[in-house]
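Below is one structure, written out as structure tokens; comments come after it.
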Number of protein chains: 2
Amino acid sequence: MSNISTLSQSTRFADISTMSDSAWRQQGSLWSNLRQVCDLLAIPAPATADQEDTVFQHVRFKAGQRIHRIGQAFDTLYIVNSGFLKTVHIDEYGNEQVLSFPMKGDLLGIDGIHKQHYASEAIALSDCDMILVPYKTFTALGRVHVELEQAMFNVMSREIVREQMMISMLSALSAEAKVARFLTNLGERFNQMGYSGRSFNLRMTRQEIGSYLGLTLETVSRTLSALNELGLISVEQREINLIDPVALKTLRRLPPAKARIKVSEKVTALVNKNLLPQWNGELAAALN
Amino acid sequence: MSNISTLSQSTRFADISTMSDSAWRQQGSLWSNLRQVCDLLAIPAPATADQEDTVFQHVRFKAGQRIHRIGQAFDTLYIVNSGFLKTVHIDEYGNEQVLSFPMKGDLLGIDGIHKQHYASEAIALSDCDMILVPYKTFTALGRVHVELEQAMFNVMSREIVREQMMISMLSALSAEAKVARFLTNLGERFNQMGYSGRSFNLRMTRQEIGSYLGLTLETVSRTLSALNELGLISVEQREINLIDPVALKTLRRLPPAKARIKVSEKVTALVNKNLLPQWNGELAAALN
DNA sequence: CGCCAATTTGAGTCCCATCAATATTTGTGG
DNA sequence: CCACAAATATTGATGGGACTCAAATTGGCG
């Protein structure tokens, strides 16, 4: 019986979180070698990687569990092999700020290097399979394989750029644009993972999305409803369908809100007169 | 006559931008060695640094000049030896977003590593003396001195943490709190540089402060006036005096108590009361 | 089935952006 | 050194977008 439930669970996740095919079990726990880790991170593996006998242990976390917490002594980096997480920063008053939603192939824990203590907290939003990379092991490897050191600089630089974009977005965009971009970004990441970038389920609550985007949960909910009304997406609970990804991605600070309303009124009138088949995002773009 | 004006200007800046004493001139341009560079970055210099014959060239920029542009091929990192700058990101519509205000000891250009092209633009706000560190030279040094590689990871990790704090601030704080923290942060940095952290001149416009904080220039101006009225600072044009730094630093809008954490809050409280030695995984399991 | 968390939706409020006018400073050339 | 233009800063009036408070609905789970 327990076999069956285990099987059904792994089947349930098979569509979204494929395990590294060649990862292997040993003593009841999963292990990956250097090449597999590099593939997962989408960085070029050292030519001599296959001769490397270093292996990396996998650890499973259940939804809700913490991978590491703020202030905890730093000693290992984590790579997401499957599952979804959030990283949060908690200020001195206990307010939670979501910083990222890591998923397959993402690296966690970089912020712990600075003070040898994690600066953020990582929490599993679904059951997760994480690969442990002890920092000491990593730096030792970096000394042997120069490409690895280089790759690490690249990954960290990319993270810095990502956060710069985030800062830009937070201070420049309207709520609608923030939510729209959030959805298209999610879609692109799903795409890169080999899944549908147009149709997916949100793994996080409106609250968490709002925290991530600097909005309240009510505003997120209202904005999703509005994008739904506009025909740019369809949304029901956590099921998202991107109907017009292009319009979503280019949606900006929507200048005068009045103009928007006028346009949609115009279109609605036309639709009502059967002069237009239906409202769609392309039309919105054309009319704006 | 022109001598006098030049002299008075350099005198005016002397209090805030002291040149590395031991930097030396050669062929009309200034050079620093590895130890001097490490000191400037506040990272431990390799024990063998003095035997290192690598030297780093200085380059001077006048106020308003660009150090590097977005999209420009990346090949060198810059360290601020003296002067003040801003780094900006420019979106596809030409809108400028200020990302940081680097000053003495800060490292520029990290964001270029990722794609081998700078992702941001650095502009001198005052006359600047910058040390050039060719990326290739740097990585070569990192291979020789392990401490350097380590220090680089530290610096990049610190930058990531800094941006995380920025994101938190942007999405959680009110305009007053943003401006107040901006001022105290500036003060702390001046302090670290050995200058007064309570009395200083702003090197940037209200516009640039606003861009940095996600506010309009009018709001920045109004907020400064308000903090002045409250007696927390005195401000006249760009002259700032922090009268009550403590109150400034703790000034905040109290967000809804909803977004507060539960378990970790309890644990933190216990740790603070010395009822728990420290956080550990066993506790995590017990409380989750 | 009942409880609790998550979500949706509405109504009212307020903070901050926007538009606008003025004042002050900086820079430049005569 | 002064005059003029351009940039910067201050202050006011107004409106809107997002927050806050509140209630109802849905969905998940024991």
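The values are calculated or read from the model by the stated rules, or taken from the named source; none is laboratory data. All values reported here derive from a predicted model rather than from experimental measurement. Reconstructed Cβ throughout: ideal geometry from the backbone, glycine too, with neighbour counts over all protein chains shown.
Descriptive notes on the structure:
- Residue ID - farthest from the other protein chains (Cβ to nearest Cβ), chosen from residues in segment B:68-84 that are in contact with an Asp or Glu (Cβ under 8 Å, 6 or more places away or on another chain) and assigned to a strand (DSSP E or B): B:Ser82
- Of the residues making up segment A:64-107, those that are in contact with a Pro (Cβ under 6 Å, 6 or more places away or on another chain) and in contact (Cβ under 8 Å) with a residue 40 or more places away in the chain are A:Thr76, A:Val80, A:Leu85.
- Residue in segment A:146-162 that is in contact with a strand residue (DSSP E or B) (Cβ under 7 Å, 6 or more places away or on another chain), modelled with pLDDT of 95 or more and not aliphatic (A, V, I, L, M) present: no
- So A:Glu159, is it more than 8 Å from chain B (Cβ to nearest Cβ) and farther than 21 Å from A:Ile243 by Cβ: no
- Count of residues meeting criterion [buried (at least 16 other Cβ atoms within 10 Å of the Cβ) and near DNA strand D (Cβ under 9 Å from one of its atoms)] in segment B:188-206: 3
- Counting the residues of segment B:107-122 that are touching a Lys or Arg at 6+ places or on another chain (Cβ under 9 Å) and surrounded by fewer than 21 Cβ atoms within 10 Å (Cβ to Cβ) gives 3.
- Subset of segment B:226-241 that is within 13 Å of DNA strand C (Cβ to nearest atom) and outside any loop (DSSP other than H, G, I, E, B) - its residue that is surrounded by the most Cβ atoms within 10 Å (Cβ to Cβ): B:Leu227
- Flag if A:Val133 is assigned to a helix (DSSP H, G or I), of a type in the set (A, V, I, L, M), more than 16 Å from DNA strand D (Cβ to nearest atom) and modelled with pLDDT of 90 or more: no
- Selection within segment A:128-151: residues that are farther than 15 Å from A:Ile43 by Cα and polar (S, T, N, Q). The member of this set that is surrounded by the most Cβ atoms within 10 Å (Cβ to Cβ) is A:Thr139.
- The condition of being within 13 Å of DNA strand D (Cβ to nearest atom), within 14 Å of another protein chain (Cβ to nearest Cβ), under 15 Å from the mean Cα position of the chain (by Cα) and among the small types (Gly, Ala, Ser) holds for only one of A:Gly210, A:Gly214, that being A:Gly210.
- For B:Gly94: the one exception among (1) surrounded by fewer than 21 Cβ atoms within 10 Å (Cβ to Cβ); (2) within 16 Å of DNA strand C (Cβ to nearest atom); (3) not assigned by TED's automatic domain parsing to the domain that holds B:Leu77: (3)
- Residue in segment A:170-187 that is nearest to the other protein chains (Cβ to nearest Cβ), counting only those that are in contact with a strand residue (DSSP E or B) (Cβ under 9 Å, 6 or more places away or on another chain) and modelled with pLDDT under 95: A:Ser171
- Residue within segment A:223-235 that is within 14 Å of another protein chain (Cβ to nearest Cβ), within 11 Å of DNA strand D (Cβ to nearest atom) and over 17 Å from A:Leu99 (Cα atoms) present: no
The rows are residues; the columns are (1) part of a helix (DSSP H, G or I); (2) in contact with a Phe, Trp or Tyr (Cβ under 8 Å, 6 or more places away or on another chain).
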site	(1), (2)
A:Ala140	yes, no
A:Asn154	yes, no
A:Phe182	yes, yes
A:Phe190	yes, yes
A:Gly197	no, yes
A:Tyr212	yes, yes
A:Thr219	yes, no
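- Flag for B:Ile123 being of a type outside the set (Phe, Trp, Tyr) and more than 7 Å from chain A (Cβ to nearest Cβ): yes
- Among the criteria (1) out of contact with any strand residue (DSSP E or B) (no Cβ under 9 Å at 6 or more places or on another chain); (2) within 11 Å of DNA strand C (Cβ to nearest atom), the one B:Leu251 does not fulfil is (2).
- Residue-level check: of (1) touching a Leu at 6+ places or on another chain (Cβ under 8 Å); (2) closer than 24 Å to A:Ser82 by Cα; (3) within 14 Å of another protein chain (Cβ to nearest Cβ); (4) away from DNA strand D (no atom under 16 Å from the Cβ), A:Gly142 misses just (2).
- Residues of segment A:156-180 satisfying the condition of being in a helix (DSSP H, G or I) and polar (S, T, N, Q): A:Ser157, A:Gln164, A:Ser168, A:Ser171
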